[in-house]
Each structure stands twice: as structure tokens, then as C-alpha cells.
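Contents: one structure, followed by commentary.
The values are calculated or read from the model by the stated rules, or taken from the named source; none is laboratory data. Every value quoted in this text rests on a predicted model; they were computed, and no experiment measured them. Note that we place each Cβ from the backbone using ideal geometry, even for glycine, and neighbour counts take in every protein chain shown. Areas reflect the complete protein model, heavy atoms only, side chains present, ligands, DNA and RNA absent. Shrake-Rupley method; radii C 1.70, N 1.55, O 1.52, S 1.80 Å.
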Amino acid sequence: MRTSGPWRRAAAGAMLLGTDGAPVPTIFAEMSARAAATGSVNLGQGFPDEDGPAEVLDAARRAIADGVNQYPPGRGTADLREAIAEHQARFYDLHLDPEREVLVTAGATEALAAALLAFVEPGDQVVTFEPFYDAYGALIALAGGEHVTVPLRSPGFLPDLDELTSAITDRTRVILVNSPHNPTGRVFPQDVLQRIVELAEEHDALILTDEVYEHLSFGAPHVPVASLPGAAHRTLTISSGGKTFSTTGWKIGWITGPSELIEGVLAVKQFLTYVNGAPFQPAIATGLRLPDAVFGGIASALAAKHAVLADGIRGAGFDVFTPDAGYFVIADAGPLGFPDAREFCRLLPERVGVVAIPVTAFVRPDHADDFTSLVRFAFCKRERVLHEAVERLGRLAA
Ligand SMILES: Cc1ncc(COP(=O)(O)O)c(C=O)c1O
């Protein structure tokens, strides 16, 4: 039985093929298994351990009770598309036609997949920043694209503008931006985003921007790429309700942009999932219409969690890089005598009962040198869980 196929490219793109060519489990799967086996505090995967706003949860329950349980329309329910358009206008002064410029997807991940499969021809280059969310490498590879990266090195985790300029050429089909960024938590400043727009214009590239952490900024304010001068006509913006409303399991995402680009994404998306999450669509629409204060509260609750973990791990002897946003903080295990974060993360569950992820999991093996001793900790957990993790990590130096 022949088992080869494009899945190999996807696995290789996500850095999940072993040296013998066989697939290896993701570091997340490996670490979650270790967490379960050792009773560790799991600060590996980025999902909250508390429910989001009650209004959002109640709306989903109501929708199920009211019989909203069959296929929704292919582009998403009209009400959710309107809520997404209202949200973009309210927060960013971006004005969209909900009929033609908004498409609901199965999480941000499906939007990314459909957009890359829609617009990347074999051999086209796709530029991302590195470290990168692992799905990017897999999806670019599935689309047959060539993945070109621009490093975000510590301590600032911002791109060097000369490196950025030389990475983008006439072979670049898509520049994939992720701000606020996973795993570094960096919000790209406006001059970096504006340079991306200029380079896209110069080389006629599309901008695909993944803004799933848009409301989780407790440092610099988030600026959508599409709101910058000269960007809107070549930018597809992706977000999702999972991070903002602590509903990562619902997988309600969306993509917005010029109608002719959305048509291309829809052409692929309709044969990936067709539609998803009927009763969750009205619930996310409810969330998007919540008052500004709720969004502010979500970010400040996260800032408080960040403070608990960051102060604690700094006290435990790590060098800590303060994020602007998101669920994660990056720390350097070098000062504790662990120059190799992958090894460190493998011994951490047995040694002190905590799980974390090495940043090299988000970096191609041949680019790992700049990131070897860096560890990603998730802080989207209850404060007592974070205190427990800090207390355990404090035993490292003992
Ligand atoms: C940068 C980034 N994009 C996309 C996703 C996935 O979003 P969704 O669950 O809506 O597919 C994640 C989840 O961790 C992420 O970190």
C-alpha cells in the first residue's frame, strides 16, 4: 500500500518528519502526554482553563435549544457577518460589506488554509516571520509554496528592516503577518507594518494577516494591517472568536477583505468544511457586540495573569522577555544552566512538574541557533495554577 502523498510536505513544513522520513508527534502532543503522565502543570498549549463571557455561552445554549443545529449559509450567518463588519468599524474604522467582504470559517486555521490554497501556486514564495505558528509551515507546503522566513530575534523580537526588504521579491506571492505574534507576544509597530505594505505594493504581493490575538493586547495597541494607507485592496485579515472569548474549541473564525479575494477563498473553503458551528455563530456575534469595557476587561485580566507568571519565573532565575499581547511569555533558560531548551522542556515535567514548549518548535531546524535556550510558557490559566507553576519552577535553582 502506497502511503506517500502531499501529507509528507505538510509534515515536513511543520517540522514533523524525523530524520528517517517517518512522521514524529508534535511537541505539543509529546508534552501534553508528559503532563498527564507526571501530573504536571501544563503551560504548554495555549488554551484558557476558564470560561469566557457568560453572555456568549448563554447565546450558544439558547441557539441549540432554539434549533439552530443545521447547516448555516456557506458564507456564515448574515447576523455574524454583520457583527464582524460592525466590530471592524467600531474598533478600527474599517468599513466592510458583510455580504461580499466577510467570510466565516472553521477557526482562523481554515481561513489560513483556504487563503493559501486559493492564491499560492507551486513554487510561489510565502514570507512569514520566524518563529512562526506551526500551521503556517504545513499549509504553505500543502499549497506547494516555498516558505521564506524573516527572523524575530531576542530581545526585541522585531524584524530587521533590511532582512525584511531582501526577503520580499517578485517571487513573493503572500506576506503572512501575525501581529500580535505567537509565540513572542510582540505587537508589530506601525513603521514595520507600513514597510510590509510598501514592499507588498512594490512586488505585487498579497498580505495575509493573522490577528487572532487582536483583543489580548496589554501593551502596545493593536493596529490591523488593513487600516494602513495603501493596504486594504491587497490585504486579507483573519481572526477568530476562540482567543478573545475563551472558546478555542468552538472554531468560529473569519476572513475579511476585498470581495474578489474573498471569492477566491470561498471557492476553496466551501470544499474544505463547507460550513461549521451553527449554534456558535450567533454566540460569537453576541460576543463581538459586547461593550468596549468587556474587551478591555479581557485584556486586563490577561495582563494580571502575565504579571503573576513573568514575575515568578524571573524570580526563579529565568531571563524574561515581556510580551505586548497574547497568551505566552518567552523566557531564557540559559541563566539557569540550561542552554538547550528542548532538553530542558523534556526534563522539566519529571524534575519539577511543569510543562513548557521550546521556542525551537516554531523555528526551522537550520534556523534554530538564535533560539536554542528559549522556552515558551502559556499564562492563560487561573492565577492559582500560575502560582503553583511558579512555586514548582522555583525549585529549579535549589
Ligand atoms: C497565531 C495563531 N493563528 C491561528 C491560531 C488558530 O486559531 P483557530 O483556533 O481559530 O483556528 C492560533 C492558535 O493557537 C494561533 O496562535
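How high is the relative contact order of the stretch 169-214, given as a whole-number percent (alpha carbon pairs under 8 Å, six or more residues apart)? Provide the component values of the computation, followed by the final result.
Details: 52 pairs, mean separation 26.2, N = 46.
Dividing the mean separation by the residue count of the stretch 169-214 yields 57 percent.
Leaving out ligands and nucleic acids, note down the accessible area per residue over the stretch 54-290 with a 1.4 angstrom probe, in whole Å².
Per residue, the stretch 54-290 has 35 Å² of solvent-accessible surface.
Per DSSP H run of n ≥ 4, the term is -39500 (n - 2.57); total these for the chain, divide by its residue number, and report the mean residue ellipticity at 222 nm rounded to 500 deg cm²/dmol.
About -12500 deg cm²/dmol.
In debye, nearest 20, what is the charge dipole magnitude of the stretch 54-290 about its Cα centre with +1 on Lys and Arg Cβ and -1 on Asp and Glu Cβ, if you could check?
It works out to roughly 760 debye.
Take Tyr274, Tyr133, Tyr92, Tyr327 and sort them by solvent-accessible surface of the protein heavy atoms, 1.4 Å probe, largest at the top. Mind showing how you got there, number by number?
Numbers: Tyr274 100, Tyr133 75, Tyr92 35, Tyr327 5 Å².
Heavy-atom accessible area, descending, gives Tyr274, Tyr133, Tyr92, Tyr327.
Let's see if you can work this out: charge +1 on each Lys and Arg Cβ, -1 on each Asp and Glu Cβ, no other charges. What is the dipole magnitude of the chain about its Cα centre, in debye to the nearest 20?
1240
What share of the DSSP beta bridges in the chain is antiparallel, in percent to the nearest 5?
Given both bridge residues lie in the chain, the antiparallel proportion sits at roughly 50 percent.
Once you keep just the Cα pairs under 8 angstrom separated by 6 or more residues, what percentage relative contact order results for the chain? Walk me through the intermediate numbers first.
On the way: 822 pairs, mean separation 93.1, N = 398.
After rounding, I find 23 percent.
Compute from the Cα atoms of the chain the Rg and the Dmax, the latter being the longest Cα-Cα distance, and quote both in angstrom.
In Å, with Rg to one decimal and Dmax whole: 20.6, 60.
Which parts of the stretch 10-43 would a label at Met1 reach, counting a residue when its backbone N lies under 17 Å from a point 7 Å out along Cα-to-Cβ?
Answer for the stretch 10-43: 23.
Relative to the Cα centre, what is the charge dipole magnitude of the stretch 306-398, using +1 at the beta carbon of each Lys and Arg, -1 at the beta carbon of each Asp and Glu, and rounding to the nearest 20 debye?
Values: 11 positive and 13 negative charges, 81 e Å.
My answer is approximately 380 debye.
Can you run phi through the Karplus equation (6.51, -1.76, 1.60; θ = phi - 60°) for the stretch 117-129 and list ³J(HN,Hα) in whole Hz, with x for Gly and Pro?
5, 6, 10, 9, 8, x, x, 5, 9, 10, 9, 10, 8
Below 20 Å, Cα to Cα, which lysines can Lys243 reach? Residues fewer than 8 away in the same chain don't count.
Answer for Lys243, where 20 Å is the Cα cut-off: Lys251, Lys305, Lys381, listed by chain and number.
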